[in-house]
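Reviewing the structure listed below.
The values are calculated or read from the model by the stated rules, or taken from the named source; none is laboratory data. Everything numeric in this text was worked out from a predicted model, so none of it was measured. No Cβ is skipped: glycine too gets one built from the backbone with ideal geometry, and neighbour counts run over all protein chains shown.
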Amino acid sequence: MNDVLPDQSPLWEFLEDAVRTVFRQYGYRNIRTPVVERTELFVRGVGETTDIVEKEMYSFVDAMNEDKLTLRPEGTAPTVRAALEHNLLHGGPQRLWYCGPLFRHERPQKGRYRQYHTFGAEALGFAGPDIDVELLTMARRLWQKLGIEDVELQINTIGSAAERRAFRGRLIAHFERHQELLDADEKRRLHANPLRILDSKNPALQAVIEAAPKLIDAVGDASRANFETVQAGLRAAGIPFRINPRLVRGLDYYNHTVFEWVCGRLGAQNAICSGGRYDGLFEQLGGKATPGCGFGIGVERTLLLLHDREAGRGAAPDAYLAHQGEAADEFARAAAEQLRDRGLNVIFDCSGGSFKAQMKKADSSGARFAVIVGDDEAQAHEVSVKPLREDAEQTRCTVERAADMIKLRRGQ
């Protein structure tokens, strides 16, 4: 679990602002659920035999009332739980988004920690495959806004729950013929949840996985037609994609379309956005049958892909206000507020040091301008503006004129 330090925060804020802007363009509204939920929610929703539930959740018993509680490991089940609890779909389908930390007790690796962060989008109550395409189009718009170009969309269909149950026998028979290659986890999953073996990173098993029957070849006509409609929508939107028949996702609530946006720059753990359709989740959690589709964006992994030029965006103040002298101090503080009233970011020196020392602080702050107030400026109700990042003359003027000058230069 990591701290995000002040020098790193501007990059996070840049990503957060971009996500909020894009989600708002598509009509998604923010929902915020607790960090802690009842453990049963994830056992029922995510799946009892998934890695998340079996070995990755941070779970504990509440000492006050002995409730079994869990730090949320994913965001979809809590969103559906909230929609059911508050009857959010009473007035019709909902487009929702959320952000915040998730927790999984797994081996830390590049871009994934035991506390990591996500932006999620969930479209609840939309039955047609057009919402699948909308979500993928929204994600593509976000990558464009962020300047991330080297991402690939992989898609697959895992059919209906009934089709997966029918397929299980063929998959179990295939892996039983290679039991000597299965590790302990894979042997345990073989009869409980054989689809999870297709996610295995066991090097000895990769050729066997590649030769395994493909679920996409076993789905019925309706599932195939649904998947074809999604592909047609992506082509119409100009979104390149690759069908990955081994993509099954690691959560039991998925059905039909599943997808991942991946980037080769991230190595083996290369997915920055994952999701799909989960039409059975509402019923699993005690509600009536309701379609759903959504995705989650891994914040830490996405940040690794942002160009270094974005790292300082928004970090530096517009001006550093240096002041010295009995008359100057009061006027300088008022001047700083006037500059802020006009939309500028201003650091007010509180060191009490000499002008030379304050100007060193101004330079190290990254500000483009120093605004200087001495007793002479204060008596005239003026300030001196000194450019710090370009070769230009210092100018003495009113506070209003200084604000206009700095805003004009800031836009260059």
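Yes or no: GLU260 modelled with pLDDT of 95 or more and out of contact with any helix residue (DSSP H, G or I) (no Cβ under 8 Å at 6 or more places or on another chain)?
Numbers: modelled with pLDDT of 95 or more: yes; out of contact with any helix residue (DSSP H, G or I) (no Cβ under 8 Å at 6 or more places or on another chain): yes.
Judged against the criteria, GLU260 is a match.
Looking only at residues in segment 166-202 that are over 30 Å from the mean Cα position of the chain (by Cα) and outside any helix (DSSP H, G or I), which one is surrounded by the fewest Cβ atoms within 10 Å (Cβ to Cβ)?
Within segment 166-202, the match that is surrounded by the fewest Cβ atoms within 10 Å (Cβ to Cβ) is ARG177.
With in a loop (DSSP other than H, G, I, E, B), surrounded by fewer than 20 Cβ atoms within 10 Å (Cβ to Cβ) and of a type in the set (S, T, N, Q) as the only criterion, which of GLN269, GLN231 stands out?
Numbers: GLN231 fails: in a loop (DSSP other than H, G, I, E, B).
After applying the criteria, what remains is GLN269.
Of (1) at pLDDT below 90; (2) more than 29 Å from ALA83 (Cα to Cα); (3) of a type in the set (S, T, N, Q), GLN144 satisfies all except one. Which?
GLN144 satisfies all of (1) at pLDDT below 90; (2) more than 29 Å from ALA83 (Cα to Cα); (3) of a type in the set (S, T, N, Q) except (1).
What's the number of the condition VAL208 fails, among (1) under 11 Å from THR157 (Cβ atoms); (2) surrounded by fewer than 20 Cβ atoms within 10 Å (Cβ to Cβ); (3) β-branched (Val, Ile, Thr); (4) touching a His at 6+ places or on another chain (Cβ under 9 Å)?
Condition (1) is where VAL208 drops out.
Could you list, in sequence order, all residues of segment 69-110 that are over 16 Å from the mean Cα position of the chain (by Cα) and of a type in the set (Val, Ile, Thr)?
Answer for segment 69-110, where residues must be over 16 Å from the mean Cα position of the chain (by Cα) and of a type in the set (Val, Ile, Thr): THR70, VAL80.
Which residue out of ALA289, ALA332, ALA327, ALA319 is among the aliphatic types (A, V, I, L, M), over 24 Å from ALA139 (Cα atoms), in contact (Cβ under 8 Å) with a residue 12 or more places away in the chain and in contact with an Asp or Glu (Cβ under 8 Å, 6 or more places away or on another chain)? Break it down into steps so the answer makes sense when it comes.
Details: ALA289 fails: in contact (Cβ under 8 Å) with a residue 12 or more places away in the chain; ALA332 fails: in contact with an Asp or Glu (Cβ under 8 Å, 6 or more places away or on another chain); ALA319 fails: in contact with an Asp or Glu (Cβ under 8 Å, 6 or more places away or on another chain).
On inspection, the qualifying residue turns out to be ALA327.
Of the conditions (1) touching a residue at least 40 places away in the same chain (Cβ under 8 Å); (2) surrounded by 15 or more Cβ atoms within 10 Å (Cβ to Cβ), ARG20 clears all except one; give me its number.
Unmet condition: (1).
Yes or no, residue by residue, for (1) over 24 Å from VAL53 (Cα atoms); (2) at pLDDT below 85; (3) not assigned by TED's automatic domain parsing to the domain that holds PHE23:
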site	(1), (2), (3)
THR137	yes, no, no
GLU149	yes, no, no
ALA173	yes, no, yes
ARG177	yes, no, yes
ARG188	no, yes, yes
ALA192	no, yes, yes
LEU198	no, yes, yes
GLU210	yes, no, yes
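With the structure loaded, tell me whether ARG141 is in contact (Cβ under 8 Å) with a residue 40 or more places away in the chain and either buried (at least 19 other Cβ atoms within 10 Å of the Cβ) or in contact with a strand residue (DSSP E or B) (Cβ under 7 Å, 6 or more places away or on another chain) (or both) or whether it fails that test. Give the steps one after another, and end with the answer.
Values: in contact (Cβ under 8 Å) with a residue 40 or more places away in the chain: yes; either buried (at least 19 other Cβ atoms within 10 Å of the Cβ) or in contact with a strand residue (DSSP E or B) (Cβ under 7 Å, 6 or more places away or on another chain) (or both): no.
Taking the combined requirement at face value, the residue does not satisfy it.
Which number in (1) of a type outside the set (Gly, Ala, Ser); (2) in contact with a Lys or Arg (Cβ under 6 Å, 6 or more places away or on another chain); (3) within 19 Å of ASN255 (Cα to Cα) marks the one condition that ARG242 misses?
(2)
Does PHE282 qualify as being under 17 Å from GLY159 (Cα atoms), in the same structural domain as LEU153 (by TED's automatic domain parsing) and aromatic (Phe, Trp, Tyr)?
Values: under 17 Å from GLY159 (Cα atoms): no; in the same structural domain as LEU153 (by TED's automatic domain parsing): yes; aromatic (Phe, Trp, Tyr): yes.
For PHE282, the condition - under 17 Å from GLY159 (Cα atoms), in the same structural domain as LEU153 (by TED's automatic domain parsing) and aromatic (Phe, Trp, Tyr) - is not met.
Within the bounds of segment 238-250, is there any residue that is among the aromatic types (Phe, Trp, Tyr) and either touching an Asp or Glu at 6+ places or on another chain (Cβ under 9 Å) or over 27 Å from GLY169 (Cβ atoms) (or both)?
Of segment 238-250, the ones among the aromatic types (Phe, Trp, Tyr) are 241.
Going one step further and asking which of them are either touching an Asp or Glu at 6+ places or on another chain (Cβ under 9 Å) or over 27 Å from GLY169 (Cβ atoms) (or both), we end up with 241.
The answer is yes; a qualifying residue exists.
Among the residues of segment 134-164, how many are of a type in the set (A, V, I, L, M) and either touching a helix residue (DSSP H, G or I) at 6+ places or on another chain (Cβ under 8 Å) or at positive phi (or both)? Walk me through it before giving the result.
Within segment 134-164, the first condition is being of a type in the set (A, V, I, L, M), and the residues that meet it are 135-136, 138-139, 142, 146, 148, 151, 153, 155, 158, 161-162.
Keeping just the survivors that are either touching a helix residue (DSSP H, G or I) at 6+ places or on another chain (Cβ under 8 Å) or at positive phi (or both) gives 136, 138, 142, 146, 148, 151, 153, 155, 158.
Adding up the residues that qualify gives 9.
In segment 22-68, what residues are more than 24 Å from the chain's Cα centre (by Cα), of a type outside the set (Ser, Thr, Tyr) and over 20 Å from GLY296 (Cα atoms)? Steps first, answer last, please.
As a first pass, look at segment 22-68 and keep what is more than 24 Å from the chain's Cα centre (by Cα): 40, 44, 48-49, 54, 60-68.
Then keep just the ones that are of a type outside the set (Ser, Thr, Tyr); that gives 40, 44, 48, 54, 60-68.
If the condition is that a residue be more than 24 Å from the chain's Cα centre (by Cα), of a type outside the set (Ser, Thr, Tyr) and over 20 Å from GLY296 (Cα atoms), then GLU40, GLU48, GLU54, PHE60, VAL61, ASP62, ALA63, MET64, ASN65, GLU66, ASP67, LYS68 are the ones that fit.
Condition first: exposed (fewer than 14 other Cβ atoms within 10 Å of the Cβ), touching a helix residue (DSSP H, G or I) at 6+ places or on another chain (Cβ under 9 Å), within 16 Å of ALA327 (Cα to Cα) and without any contact (Cβ under 8 Å) to a residue 24 or more places away in the chain. Now tell me which residues in segment 353-405 satisfy that.
Result: ASP376, single match.
When the residues of segment 100-156 are narrowed to those that are β-branched (Val, Ile, Thr) and in contact with a Leu (Cβ under 9 Å, 6 or more places away or on another chain), which ends up nearest to ASN244 (Cα to Cα)?
Residues of segment 100-156 that are β-branched (Val, Ile, Thr), as a first pass: 118, 131, 133, 137, 148, 151, 155.
So of that shortlist, the ones also in contact with a Leu (Cβ under 9 Å, 6 or more places away or on another chain) come out as 118, 133, 137, 148, 151, 155.
Values: THR118: 24, VAL133: 17, THR137: 19, ILE148: 22, VAL151: 15, ILE155: 6 Å.
Out of the qualifying residues, it is ILE155.
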